[in-house]
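The values are calculated or read from the model by the stated rules, or taken from the named source; none is laboratory data. From a predicted model like this one, the values you see are computed outputs, not experimental measurements. Quick reminder, even Gly has a Cβ in these numbers, built from the backbone with ideal geometry, and neighbours come from all protein chains shown. Each accessible area value is taken on the protein alone, full model and side chains, heavy atoms only, with ligands, DNA and RNA left out. Shrake-Rupley method; radii C 1.70, N 1.55, O 1.52, S 1.80 Å.
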Amino acid sequence: MNDELPRPDPDALLLNHSESHRGKLKIYFGACAGVGKTYAMLQEAQRLRAQGLDVLAGVVETHGREETAALLAGLTLLPRRATGRSRHAEFDLDAALARHPAVILMDELAHTNVQGSRHPKRWQDIEELLDAGIDVITTVNVQHLESLNDVVGGVTGIQVRETVPDPFFDSADEVVLVDLPPDDLRQRLKEGKVYVGDRAERAIENFFRKGNLFALRELALRRTADRVDDQMRAWRDQQGRDKVWHTRDAILLCIGDDTGSEKLVRTAARLAARLGSEWHAVYVETPRLNRLPEARRRAILRTLQLAQELGAETATLSDPDEARAVLRYAREHNLGKIVTGRQPQRHWRRDSFAQRLGELGPDLDLLVVALDEPVRDAPHPLGGQRASNEKWRLLLRGCLMALVLCILVTTLGRWLLVAFDPANGVMIYLLAVVLVALRFGRWPSVFATVINIFAFDLFFVAPTGTIAVSDLQYLVTFAVMLAVGVIVGNLTAGVRYQAKVARYREQRARHLYEMAKSLSSALTPQDIAATSQRVIDVTLQARSQLLLPDEQGELQAVGENSIATPPDLGIARWSFSKGQPAGAGTDTLPAVPYQMLPLKSGNHCLGLLVVEPENLRQLMIPEQQRLVETFTVLIANALERMALSHSEAASRLAAEREQLRNALLSALSHDLRTPLTVLFGQAEMLMLDLASEQSKYVGQANQIREQTLSTIRLVSNMLDMARIQSGGLNLREEWVALDEVIGGALSSMGPLLKGHDIALDLPDELVLIKGDSAMLERVFTNLIENSLKYAGNAAQHGIRAWRDKARLEVAVWDNGPGIAPENLTRIFDKFARGDKESAVPGVGLGLAISKTIVESHRGRIWAENRPEGGACFRLSLPLPDAPEISEEGLK
């Protein structure tokens with residue numbers, strides 16, 4: 001015996017090694033600010049520090065709360081570093097990695113880093129810390145989760161810009177919910193423990209309204225419960241699915257083969273709504289149910305469709321044992337409550353399905369609902385007769401085949417197998433039964449068994465020629481032949497049915513693969529249309545047509561028109577605009593012979609797929625519906641991939657064109673600036689000389705000087721734009737007074753302001769801005785010059801500035817014709833002008849440069865029309881706390 005220990009798997013060792021060296025992420029999760037996430041994080045940090053762990057406070061935002069700041073005592077604080085052009089104090093990732101503590105605190109997970117940081121988002125910094133083997137503790141509110149961002153925005157009316165991807169949140173090793181009732185949170189706000197001063201009052205009246213807090217609290221609780229449920233499901237999958245865990249109410253409805261199941265569906269829907277739980281509806285298609293009349297099968301499909309409309313997830317299972325199939329589905333989906341129906345009892349019938357469920361699934365809750373006496377739908381006269389004729393035709397062919405095989409076996413046995421024992425003849429007769437069962441099913445095989453017994457008795461059992469039996473042991477032989485024949489027939493029919501189902505599923509999988517493979521190489525809409533028509537025709541025995549919008553948004557048919565009934569464009573436009581299916585098998589115009597399915601990618605509809613089946617039942621079977629839905633998803637993905645490919649090519653072309661234009665602008669600007677500077681100097685000297693001589697040409701010389709200066713300003717704009725595009729805009733921030741910036745801009749535009757008065761309305765107190773004074777002067781110069789150009793000679797102009805809390809608001813206005821509404825945002829684009837064909841000089845770069853400069857100062861700029869007439873350009877700049885200036889400094 002070999003006692004050597006087995007060698008470990010190298011791949012498993014590497015995986016364990018990598019997992020053991022990745023840090024752990026712990027998130028304190030709350031409904032909104034003020035519930036105590038940072039406080040709870042610091043309490044955990046103090047607990048870990050008391051255990052001897054090295055805890056580093058990377059980012060902790062106390063927001064001036066004394067009780068929170070007190071918990072920082074004893075913790076090592078990581079100094080922040082100035083980052084980006086703004087030199088804003090930001091988290092020092094490199095210092096944290098070099099320090100490599102055991103645990104680091106990173107408050108505000110959704111924070112956006114300033115421009116110039118290594119990562120744009122704080123959660124990406126945390127990802128790098130985790131990869132380095134550092135445990136991270138962080139905090140986040142529910143409104144910052146990407147999947148809930150629009151929901152929170154709809155509830156509160158406030159769109160949150162800073163979000164965290166859900167996969168990162170879900171990857172956390174531990175999520176701790178920090179909860180606080182809305183009344184307690186509002187009381188903390190009033191006491192100034194969340195926000196201070198007027199900010200707390202505004203928060204209570206806006207975001208922290210009681211209804212908002214209830215909704216946010218529910219979202220946080222549900223998101224945490226969903227995470228716990230996912231963890232439970234993952235653990236259950238690892239441990240096996242032999243038992244159902246009743247951690248959440250979930251209902252499984254079993255649909256039978258009668259119309260009384262509609263009452264059962266409505267009962268299950270009401271029960272699921274009352275419990276607030278998910279529910280599934282399944283129908284088990286056995287060989288016996290597969291032979292139901294067409295009318296009853298249609299009733300089952302209508303019942304499944306009703307369940308789907310009421311919110312159930314439907315499925316059709318193929319299994320010879322209904323009870324085992326239902327229990328297997330329930331355990332796979334962790335459905336703890338099974339709802340089934342019970343028909344009125346008759347003395348000759350016992351309802352054993354519920355009993356078998358109770359015996360096989362003692363761990364499941366079983367709800368039995370009493371059903372009314374089913375009212376059978378009258379079968380369709382043509383469809384029912386056709387199905388009945390086809391069924392009897394198949395049975396007759398099977399019986400005829402059984403008779404032929406019986407005659408053949410008997411003939412062979414009488415003339416060629418005389419010397420053989422009669423038992424061998426029994427085996428040959430049983431072989432004939434198996435052949436009949438394989439080809440024609442159960443009842444022909446039973447018929448074959450009976451006639452084979454009579455043939456064996458007549459020709460091989462003494463006395464021959466009669467059905468009398470001289471030896472009683474042959475009665476046992478006949479009984480065994482009958483039993484074996486019936487059992488073999490039933491088993492063979494079941495195997496035949498299962499093989500048929502497996503073949504259908506294999507065909508579906510193959511068709512999906514072929515479609516996905518063909519669509520992956522499709523380059524044009526015509527290729528996509530041809531592939532979809534070919535696969536749908538083979539799979540569903542249906543004709544199809546692809547409708548895609550043209551440049552004007554009108555739906556146009558793509559590819560060959562294979563549909564017999566032309567699709568109605570009104571229905572198509574409704575389905576395309578609403579993004580909902582229409583036509584046969586839907587709730588919208590179900591009388592038309594085709595079905596329109598929207599091709600959706602996200603919330604955007606790319607086109608329509610029109611399917612016209614030969615048999616409407618093909619579109620009502622749940623499996624076929626899912627197959628068609630899968631086809632639409634594949635087609636939509638192919639269309640989206642094609643659109644993205646075209647967009648990528650157009651973007652690449654635009655980028656190359658923009659790069660070429662910037663290079664040309666830079667070259668022209670450099671080459672023109674030097675001679676223009678010389679020309680301006682010579683023009684100014686010429687004007688001065690002519691003025692000293694009192695020449696009559698002084699005005700012309702002054703015009704040359706002013707036009708040269710205007711051209712120099714235009715070239716400077718072109719050079720600045722080229723510098724911005726190459727990332728060369730560097731701000732030299734310093735404290736500068738607002739009136740100095742505006743005064744410098746007005747003085748530099750002295751010649752252009754002749755005949756124009758600028759009305760100034762500035763704050764009386766000294767307003768200090770932290771920014772680049774030359775760049776800010778350029779902004780006001782461009783705005784004033786733009787106003788002078790487009791407002792007209794008789795227009796009035798003005799500049800108004802005022803404080804709004806911690807921001808400076810500036811308005812540069814005029815009473816001219818204003819700006820067209822469609823141009824209010826477009827005019828800030830490069831080379832965009834108010835009038836494309838205008839005699840006003842310029843190339844449309846001034847406002848684009850101004851926008852870049854203002855945004856570099858962490859501000860906003862936009863255009864609007866004044867109610868009293870004219871245009872207004874608005875600026876909003878932050879006003880940080882200015883340094884104190886003494887009287888000597890002012891002197």
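Once backbone amide H atoms are built at 1.01 Å from N, LEU367 has ILE338, VAL339, THR340 as its partners under 5 Å, excluding neighbours fewer than 5 places away on the same chain.
A 1.4 Å probe, protein heavy atoms only, puts the accessible area of HIS857 near 10 Å².
Loop-resident GluC sites (Glu not before Pro) (DSSP state other than H, G, I, E or B) in region 850-879 with no more than 16 further Cβ atoms inside 10 Å of their Cβ: GLU868. For region 20-239, lysine pairs separated by 8 or more sequence positions, or belonging to different chains, with Cα-Cα distances below 24 Å total 10. The alpha-carbon atoms of region 20-239 define a convex hull whose volume equals 138 cubic angstrom per residue. Cβ-Cβ distance of GLU868 and ASP804, R₀ of 25 Å, FRET efficiency by 1/(1 + (r/R0)^6): the value works out to about 0.75.
Highest mean packing comes first when the peptides 585-594, 549-558, 35-44 are listed by Cβ atoms within 10 Å, giving 35-44, 585-594, 549-558. For ALA102, nonlocal amide neighbours, meaning residues 5 or more places apart or on other chains whose placed amide H falls under 5 Å from its own, are ASP54. Derived scalar couplings between HN and Hα for region 801-812 equal 9, 7, 8, 9, 6, 9, 9, 9, 10, 10, 10, 9 Hz in order, rounded to whole Hz, by the Karplus curve 6.51 cos²θ - 1.76 cosθ + 1.60 (θ = phi - 60°), x for Gly and Pro. Rolling a 1.4 Å probe across the protein heavy atoms gives region 730-878 an accessible surface of 48 Å² per residue.
Residues whose amide H lies under 5 Å from that of VAL178, counting only those 5 or more places away or on a different chain, are PHE29, GLY30; hydrogens are built 1.01 Å from N in the peptide plane.
Given axes a ≥ b ≥ c from the Cα gyration tensor, I'd like to know whether region 772-816 is rounded (a/c under 1.5), prolate (a/b larger than b/c) or oblate. Because a/c hits 1.5 or more and a/b fails to exceed b/c, region 772-816 counts as oblate. What the phi angles of region 113-118 give under the Karplus curve with 6.51, -1.76 and 1.60, with θ = phi - 60°, is a coupling list of 6, 6, 4, x, 6, 5 Hz, glycine and proline written as x. Counting charges near THR68 (Lys, Arg +1; Asp, Glu -1) among other residues having Cβ under 15 Å from its Cβ returns a value of -3.
Remark: C-alpha extents of region 730-878 on the principal axes read 41, 30, 30 Å, sorted largest to smallest. Residue ranking by accessible heavy-atom surface, 1.4 Å probe, largest first, among VAL59, VAL434, VAL228 comes out as VAL228, VAL434, VAL59. With all protein chains in place and a 1.4 Å probe, the accessible surface of region 20-239 carries 50 percent carbon and sulfur. Positive contributions from Lys and Arg (+1) and negative ones from Asp and Glu (-1), summed over other residues with Cβ under 12 Å from the Cβ of VAL265, come out at +2.
About the centre of its Cα atoms, region 730-878 shows a dipole size close to 420 debye [charges on the beta carbon of Lys, Arg (+1) and Asp, Glu (-1) only; nearest 20 debye]. Sparsely packed loop sites in region 575-633 (the GluC sites (Glu not before Pro) outside DSSP H, G, I, E and B with at most 14 other Cβ atoms within 10 Å) comprise GLU614.
With R₀ fixed at 56 Å, the C-beta to C-beta distance from SER562 to GLN46 puts the FRET efficiency at about 0.15.
Near ARG641: Cβ cut-off under 15 Å, other residues only, Lys/Arg at +1 and Asp/Glu at -1. The net charge is -1.
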